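Contents: one structure, followed by commentary.
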Amino acid sequence: MPLLHIKDISLSFGGLKAVDSVNIRVDEGEIVSLIGPNGAGKTTVFNILTGIYTVDSGEIFFEGNAIQNKIPQDIVEAGIARTFQNIRLFRNMRVIENVLIGSHIREPYNFFQAVFRTRRFRDSERENTLKAVRLLREVGLLARTHDYAANLPYGEQRKLEIARALATGAKLILLDEPAAGMNPQESEELLRFILSLRGRGYTILMIEHDMSVVMNISDRIYVLDYGKLISEGLPRQVANDPKVIEAYLGGVPDAAENNRA
Amino acid sequence: MDITGRLERFFSQRRIFFFAVVIALLAALPAFGFSRYIMRICIVISIYSMLTLALNLVAGYTGQLSMGNGGFYAIGAYTATLLMINAGLSFWSSLVVAAAFAGISGFLLGLPTLRLKGSYLTIVTLGFGEIVRMILMNWDTVTNGTLGVRNIPLPSLFGVSLSFTNHGLYYLALVLTALVSVFCALVINSKVGRAFIAIREDEIAAQMMGIKTVRYKVLAFVLSATISGIAGAFYAPMVGYIDPNSFTFDISSQIISMAILGGLGTMRGMYFGAAALIVFPEVSRFLMDYRFVIYGLILVLMMRFRPQGLLGWRTRLPYRFGKVLERQLAAEGSLPPLL
Ligand SMILES: Nc1ncnc2c1ncn2[C@@H]1O[C@H](COP(=O)(O)OP(=O)(O)O)[C@@H](O)[C@H]1O
Ligand SMILES: [Mg+2]
């Protein structure tokens, strides 16, 4: 059974078929990439997956359970967390607090237990904070723990967003263009970090519009163009697929160059 | 490090001392023999501190601007008054019921947040404040209409009536404000407070972290209303007379002005804002008729030059892990370095 199985989902915005009969399968422990030119519908697939949009048709299964059209909160509880293409951190909160928001659903105490500072509250807070600091150390943000998210440089903000997603305890992490806007060194380092996540048992589905970025780390790649899947398979197969080359050359000429420059 | 950072560190390192000094001064204030007029101003400041702390929960932390908090204040004041006068309940039981009643009204007002965002929500809260006043004016049989209610009895404790003369009212105001402050601090420093702030910062991202945003927004309204209700329940016996015009939109806008002046999203700003805008008209009585103009001007100037409020800076102090956790982190070599 695949961890995530997207079956034939479609979504239109008015007359625009943003996602058109898309099928994606992600197995446990894989790094799968969803690539395609700008405007192909990649982010829309993530928005559907995480409950921001409801599908017009199709089904989504996570660990065998139907999750299409559930609300975002239920999706996280189910074990899927994401990052955003245009970073959405809680900017006026500290780095540590951003991660603690990630573990919000792992805090078992209720309002009254919080107000009366019961043992349950104290234990839960201590444990989650400890985990949050460890997580920050692992992603290399320990030195920024006390700082505010808004003060972090771009690359670290991306990392913090991933750390926040990891803190939810999700199994499947959705990354929307994690390397966007990074210089080659930063993106190299980030990709290594993503690889290490697989080593720790996470499954990754990531979006990228620059194919070359994901060639080396993806187990499999899906290519989306104008809302339709035009190719899928191993990185080498996809790279040599004439339809993919055509989509990239014909579509957005400079897309493949942008982020490597 | 800049001046506010240094000041913060200075005070933070000696916080127990300063805290004790402030408490001692406030407790000893009646002993200085100030006039009843001055003591009354102090009481009004503490009422408005509660009201701004209440507003702060919805507007400051959760980011939902409520212009109807005067309505909760009115509900608290009327509920307590009518229970004391008509049902003969003691001040204390009336206070509890009034707080609960205001909380329920906050729940009802919070429900539109299910559907409304931003300015739409704000307009509904504004309407709510006016509706409350209309009900108070027109429901004569219960509220005595525009005539208001007179001779509201003073609270009494162990048979002693708490008055201006024996400073009982002052101490009661102080205790209530302290309780409300501690309550707010406890709520804010928990997952509840973090959820509030996350909703303010980015509602979509908050949802993606599993925060039940609707539930937390309604909770913020309920807490805000309850605290405002407590302030109202105290206000009524303090002045001894209430009528619907004690609770015009003026009150809601005063609360908002105070909170913005001090700095929404901070507790220190609430006390400061309340004190500043209560004292200011008193020391410049000749401006009284222009108070609204001044408030408007303050709001505009603040928005333009210091939108975060006079005391609204983000603290530079390190995050507090607590001693136990700090030791544990240090032991495993992952104690985060300070800023
Ligand atoms: N909320 C929306 N309303 C209308 N059109 C949208 C909306 N979201 C995305 N689109 C359109 O859907 C298409 C796919 O967008 P998106 O999924 O963001 O592309 P990608 O992430 O692949 O660059 C684009 O043409 C975009 O303009
Ligand atoms: Mg996109």
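Worth a mention:
- When we screen A:Phe46, A:Phe90 for residues that are within 16 Å of ligand 1 (Cβ to nearest atom) and within 20 Å of A:Ala170 (Cα to Cα), the only hit is A:Phe46.
- Close contacts from segment B:139-160, counting a first residue that is outside any strand (DSSP E or B) and a second that is open to solvent by 60 Å² or more (accessible area, probe 1.4 Å) and among the β-branched types (Val, Ile, Thr), with Cβ to Cβ under 7 Å and a gap of 6+ residues or different chains, come to B:Ile152/B:Ile85.
- Candidates B:Ile123, B:Ile104, B:Ile75 - the one that is open to solvent by 20 Å² or more (accessible area, probe 1.4 Å), under 19 Å from B:Ile152 (Cα atoms) and in a helix (DSSP H, G or I): B:Ile75
- Of all residues in segment A:118-136 being farther than 18 Å from A:Gly169 by Cβ and within 9 Å of another protein chain (Cβ to nearest Cβ), the one that is surrounded by the fewest Cβ atoms within 10 Å (Cβ to Cβ): A:Arg122
- Of the residues contained in segment B:224-247, none is found to be under 19 Å from the mean Cα position of the chain (by Cα) and not in a helix (DSSP H, G or I).
The rows are residues; the columns are (1) within 16 Å of ligand 2 (Cβ to nearest atom); (2) assigned to a loop (DSSP other than H, G, I, E, B); (3) within 14 Å of chain B (Cβ to nearest Cβ); (4) under 13 Å from the mean Cα position of the chain (by Cα).
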{"residue": "A:Ala170", "(1), (2), (3), (4)": "no, yes, yes, yes"}
{"residue": "A:Gly181", "(1), (2), (3), (4)": "yes, yes, no, no"}
{"residue": "A:Ser187", "(1), (2), (3), (4)": "no, no, no, no"}
{"residue": "A:Phe193", "(1), (2), (3), (4)": "no, no, no, no"}
{"residue": "A:Ser196", "(1), (2), (3), (4)": "no, no, no, no"}
{"residue": "A:Ser212", "(1), (2), (3), (4)": "no, no, no, no"}
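- Only one of A:Ala150, A:Ala180 that is open to solvent by 10 Å² or more (accessible area, probe 1.4 Å), out of contact with any Gly (no Cβ under 9 Å at 6 or more places or on another chain) and within 16 Å of ligand 1 (Cβ to nearest atom): A:Ala180
- Looking across B:Leu339, B:Leu325, B:Leu335, one residue alone is open to solvent by less than 10 Å² (accessible area, probe 1.4 Å), more than 16 Å from the chain's Cα centre (by Cα), without any contact (Cβ under 8 Å) to a residue 40 or more places away in the chain and within 14 Å of chain A (Cβ to nearest Cβ). It is B:Leu325.
Matching residues to (1) in contact (Cβ under 8 Å) with a residue 24 or more places away in the chain; (2) more than 30 Å from A:Asp210 (Cα to Cα); (3) facing chain B (nearest Cβ under 9 Å); (4) touching a Cys at 6+ places or on another chain (Cβ under 9 Å):
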site: A:Phe46; (1), (2), (3), (4): yes, no, no, no
site: A:Phe61; (1), (2), (3), (4): yes, no, no, no
site: A:Val76; (1), (2), (3), (4): yes, no, yes, no
site: A:Arg94; (1), (2), (3), (4): yes, yes, yes, no
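- Tallying residues that are open to solvent by 70 Å² or more (accessible area, probe 1.4 Å), within 20 Å of B:Arg194 (Cα to Cα) and without any contact (Cβ under 8 Å) to a residue 12 or more places away in the chain within segment B:301-322 yields 2.
- Taken across segment A:191-204, residues that are out of contact with any strand residue (DSSP E or B) (no Cβ under 6 Å at 6 or more places or on another chain), at pLDDT below 90, closer than 28 Å to A:Ile6 by Cβ and polar (S, T, N, Q) do not occur at all.
- Complete set of residues in segment A:49-59 that are more than 14 Å from every other protein chain (Cβ to nearest Cβ) and either within 14 Å of ligand 1 (Cβ to nearest atom) or small (Gly, Ala, Ser) (or both): A:Thr54, A:Val55, A:Asp56, A:Ser57, A:Gly58
- The residues listed here are A:Asn110, A:Asn86; of these, the one that is under 16 Å from the mean Cα position of the chain (by Cα) and without any contact (Cβ under 8 Å) to a residue 12 or more places away in the chain is A:Asn86.
- Condition met for B:Ala173 (closer than 19 Å to A:Leu89 by Cα and either in contact with a helix residue (DSSP H, G or I) (Cβ under 9 Å, 6 or more places away or on another chain) or surrounded by fewer than 21 Cβ atoms within 10 Å (Cβ to Cβ) (or both)): no
- Options B:Met258, B:Met238, B:Met302, B:Met270: the member that is farther than 30 Å from B:Phe164 by Cβ, in contact with a helix residue (DSSP H, G or I) (Cβ under 8 Å, 6 or more places away or on another chain) and not polar (S, T, N, Q): B:Met302
- Hits in segment B:181-205 (condition: within 7 Å of another protein chain (Cβ to nearest Cβ) and open to solvent by less than 10 Å² (accessible area, probe 1.4 Å)): B:Val187, B:Ser190, B:Val192, B:Ala195, B:Ala198, B:Ala205
The values are calculated or read from the model by the stated rules, or taken from the named source; none is laboratory data. If you're wondering where the values come from, they're calculated on a predicted model, not measured in any experiment. So basically every Cβ, Gly included, is an ideal-geometry build from the backbone, and we count neighbours across all protein chains shown. Surface accessibility is based on the protein's heavy atoms, side chains included, excluding ligands, DNA and RNA. Shrake-Rupley method; radii C 1.70, N 1.55, O 1.52, S 1.80 Å.
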